[in-house]
1. When you go through A:LEU403, A:LEU324, A:LEU352 one by one, which is the residue that is within 14 Å of chain B (Cβ to nearest Cβ) and surrounded by 14 or more Cβ atoms within 10 Å (Cβ to Cβ)?
2. Any idea which residue in the stretch A:377-396 is surrounded by the most Cβ atoms within 10 Å (Cβ to Cβ), counting only those that are closer than 21 Å to A:VAL416 by Cα and touching a residue at least 60 places away in the same chain (Cβ under 8 Å)?
3. Look through A:LYS83, A:LYS4, A:LYS48 and report the one residue that is more than 17 Å from A:ALA302 (Cα to Cα) and part of a strand (DSSP E or B).
4. Is it the case that A:LYS169 is more than 9 Å from chain B (Cβ to nearest Cβ), surrounded by fewer than 22 Cβ atoms within 10 Å (Cβ to Cβ) and within 30 Å of A:LYS93 (Cβ to Cβ)?
5. Here is a list: B:HIS314, B:HIS259. Which entry is at the interface with chain A (Cβ under 8 Å from one of its Cβ atoms) and touching an Asp or Glu at 6+ places or on another chain (Cβ under 9 Å)?
6. Got at least one residue in the stretch B:121-138 being on the phi > 0 side of the Ramachandran plot and either away from chain A (no Cβ under 14 Å) or β-branched (Val, Ile, Thr) (or both)?
7. Return yes or no: is A:LYS41 out of contact with any Lys or Arg (no Cβ under 7 Å at 6 or more places or on another chain), assigned to a strand (DSSP E or B) and surrounded by fewer than 20 Cβ atoms within 10 Å (Cβ to Cβ)?
2 protein chains.
Amino acid sequence: MSRKITIGIIGLGNIGSALAGVLSTNHQVILRNSGVDIRVKKVCDIKKRKTPFSFTSNPYDIINDPEIDVVVECIGGVNPALKLVLAALYNSKHVVTPNKELVAKHMKQLQKVAGENKVSLMFEASVGGGIPIIQPIKECLPANNITEIYGIVNGTTNYILSQMTEAGKEFSDALKEAQAKGYAEPNPSADINGNDAAYKAAILASVAFQIEVNMKDVYFEGITKVAQEDIQYAADIGYLIKLLAITKKVGKEVEIRVHPTLVPKWHPLAAVSDNYNAIYVKGTPMGELMFYGQGAGGGPTASALVADLISIAHCSLPITHYSLLKSKIRNISQVQSRYYIRLQAPDRYGVLAGISKAFAKKKVSIAAVVQKEMVGNVATIVIMVHTVAERNLKAALAEVKKLSVVRKVCNVIRIV
Amino acid sequence: MSRKITIGIIGLGNIGSALAGVLSTNHQVILRNSGVDIRVKKVCDIKKRKTPFSFTSNPYDIINDPEIDVVVECIGGVNPALKLVLAALYNSKHVVTPNKELVAKHMKQLQKVAGENKVSLMFEASVGGGIPIIQPIKECLPANNITEIYGIVNGTTNYILSQMTEAGKEFSDALKEAQAKGYAEPNPSADINGNDAAYKAAILASVAFQIEVNMKDVYFEGITKVAQEDIQYAADIGYLIKLLAITKKVGKEVEIRVHPTLVPKWHPLAAVSDNYNAIYVKGTPMGELMFYGQGAGGGPTASALVADLISIAHCSLPITHYSLLKSKIRNISQVQSRYYIRLQAPDRYGVLAGISKAFAKKKVSIAAVVQKEMVGNVATIVIMVHTVAERNLKAALAEVKKLSVVRKVCNVIRIV
């Protein structure tokens, strides 16, 4: 019993052309695996490309084609992707997209228009590349009250941090290597500043908690300040540093944030190295799950796009069955966390006494202190503090900075 | 837009009652997450149980109820589960089951009857407990040519091996501890002998490669022969020992086997400890994926059963769209693998020369040798050999055993 769907692909860059390639070479595999006969009627790009499929440079040839059931948008970015996706939805075409920026920024509008036109908006490929995560959350985990998701959702930064951890490299050298290997863009800022991961955090939060997310409420911080020294001190106390996208329910509020995070070595996320991604999900009654795989690249992303196409073909009703709830996103200043603090003091005498006093004043409680041998005149001190609200820590650190015995607060990193 | 399905649960042991509990406490969560209103019309057990739902001790009150859409079989084993599941399918009721023995032994017949009656047979919970794996393979990965699946699919044995690895325990002590914690049954044989994992291997092979599997073709070997010494020697050379369920395509044949396996420490499966499960899947174009979580227990299993119920409610057509292919399952004697061999020699002089000669005669090539200090008169020698067919290794070992310089071949373990 097979079903046929007819699709058009707009955008033939790395991902669009990988999708066209897989649909061509694996057509029989897909038919056998899913019972779905996916026909590519037209592909579109602004410049002429070699393709086994009928080519157009006008996206409306696809959007207005009455035979096409699904439009796959592989342009990336918001302009002109938003306009084209909306046009397709208004034309009652299902849309499949790997475009995290578009989905994170315009989820609410897109889902509304999709719902009104009784079609589906699918974006499995927007988070975690080839890792099934959006569909499993929606289709496999509905029994659960999901409480937290932690994800390594950016392969570039995970590669850089892995190189810093495993090969002892400094950030700038690891970045150069990532660029040489094609894991980082010539302009790497969206990755290393945490922006890319922030889109994915917003999408995960929106799907898991069925909430509206405004990108301005998503706190993000990149890995550019992580030093080789931090990697080493973290290792000494049993941790690795990972860039995590975190979202969790805290009472009626939701946290959505991206930042470097100390992860204990025994945690399954700690074993995720190189350019791999992994998403860890906690809920009741399922307990803890983790989904691991290639978070980018044409092949893995094409695999996820096909998953969405199959899902559309298999299900008779549009898959967006709910409206997004409004929810308060907690400001980072109110987030509670444990912290790692690295600071330098010209001399160690009196330092701990001064810091302890400043911390106690703001109700910050010290969990552990590591002092290494002095290098020249400078002592490095690493402090871990118990769970505390960020605003209290910030206030305490402002006091600490004023102490004559403290030269510099070098870095502050949250602990998972 | 919500849909209603009406179900009956047969069997109220650990899993059946956990399912009834989740459907009762999380009814609104499930409705919100999935748009599906799951109504439990009747529950059944041979002995009277406390339940918020209407109770019967006659399973046919459920099977013959025209209002019930789905029968959830939570009895376990083949008798009387097979008879009841078939009766439900013949009555055009969808069936959801966590029963790995039933599914592994009777997949072909059950799928045939389900297909003839235009209903679905769903068994997400039969492998990996709360980990979504069957549905992701079917629904999220159809773009891929899956080539291999390696899984830690038995929590009992993973707990025992983790204790042996992390706490240096001997097998028998670790088993006792697993029993005390409720991770192992009073009669643990189905787990520790690899039988339970063999059912799951058969199901994974059948789903991933869409083939018929006869359980007699599934090779399995348990963990009872794994000694603390093996754990330590493996660690010395950078490996952990895990009980893996392995299935892979090799040309037109398929391998399906369960045995203790040396897994390199850097492999994502190596980080799976305690009673957790994880399933690692390789395919083109997606690359490598891993799914990690709780492989047993009422809550996680109930989560997976609900996933199947949602899937039935969301899809208009029965989900079994293909017929199982016949495929040659490769005999273990023909399987190619690398091997770890631990043997004892009364004296080390002449041993390696003798072994090398015996191995060379059968085309077994040595990759590495570790010799430790002699204890008393006995030298332990650990040999790793390059990939070779099992029958060649067995023939070589038969020769080795005849050597006067070899006292005993203590253990032979495959390397992933």
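The values are calculated or read from the model by the stated rules, or taken from the named source; none is laboratory data. Please read these numbers as outputs of a predicted model, since none were measured by experiment. FYI the Cβ positions are ideal-geometry reconstructions off the backbone, even for glycines, and counts take in every protein chain you see.
1. The unique qualifying residue is A:LEU324.
2. A:VAL382
3. A:LYS4 is the lone residue from the list that is more than 17 Å from A:ALA302 (Cα to Cα) and part of a strand (DSSP E or B).
4. In short, no.
5. B:HIS314
6. So far as the stretch B:121-138 goes, no, none of its residues is on the phi > 0 side of the Ramachandran plot and either away from chain A (no Cβ under 14 Å) or β-branched (Val, Ile, Thr) (or both).
7. Yes, satisfied.
Each row is one residue, and each column tells you yes or no for (1) in the same structural domain as B:ASN195 (by TED's automatic domain parsing); (2) assigned to a strand (DSSP E or B); (3) surrounded by 24 or more Cβ atoms within 10 Å (Cβ to Cβ).
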residue	(1), (2), (3)
B:LYS108	no, no, no
B:GLN111	no, no, no
B:ALA143	yes, no, yes
B:THR147	yes, yes, no
